[in-house]
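The values are calculated or read from the model by the stated rules, or taken from the named source; none is laboratory data. Predicted model, so just to flag it, every value in this text is computed and none were measured. Positions of Cβ are backbone-derived with ideal geometry, glycine not excepted, and every protein chain shown enters the neighbour counts.
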Amino acid sequence: MRQATSVIFFCLIMAVAGLAQAHRTSVYAYVEGGWIKGEGYMPGGGKVSNQPVQLLDAGGKVLAETKTAQDGSFSLPVPNGQPPFQLVLNAGAGHRATFDLKPADFGVPEKPAAAQKPAPAAKQAPMAGVSAPELCVLVQQAVEKSLAPMRAQLAEMTARSEKASLKDIIGGLGWIAGLLGLAAYLKARKMAKGAR
């Protein structure tokens, strides 16, 4: 009987340890064509589906909200306002992941240092039918379109590479030991009441 109980407890511990790892969440996003596109995922590539995603400004004000799709993906329109922004994925039970979107992600140049003098503008030959700002927009759109698949692949590789750390495993085992200790205490208390 004791061996059967030990085997059952061992199997329970192993099952709960696997669940503890599955609860860590991550979120990744990129800007493409006026939209912020991203994905919520768990270690091993599991998707975070039907969970709220918020876009916050630097002051913590909510600018936009959505939910992840079944495949973990989401998209939000680029808001009015100045980056940086922060995406927050709330995956329930207190699990929260964040991703920072910097000005460079939106094509906004970084501010030059005060000590640096801007380089003098070179004279450019006029282009037939396309102004310089229009050309910049066209080039940015072409680069975004070309980089989107690579960004998605990078996010997928990151999701696959995240493994449970030693800290996560020890934390999960601590929870298990604590719950088993509580069960043993309650059982001993029940047995003590029965002996009286």
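List of remarks:
- Scanning region 51-86 for residues that are among the aliphatic types (A, V, I, L, M), in contact with a Pro (Cβ under 9 Å, 6 or more places away or on another chain) and not in a strand (DSSP E or B) returns a single hit, Ala58.
- The single residue among Val143, Val137, Val108 that is modelled with pLDDT under 80, of a type in the set (Val, Ile, Thr) and either more than 19 Å from Ser26 (Cα to Cα) or touching a strand residue (DSSP E or B) at 6+ places or on another chain (Cβ under 9 Å) (or both) turns out to be Val108.
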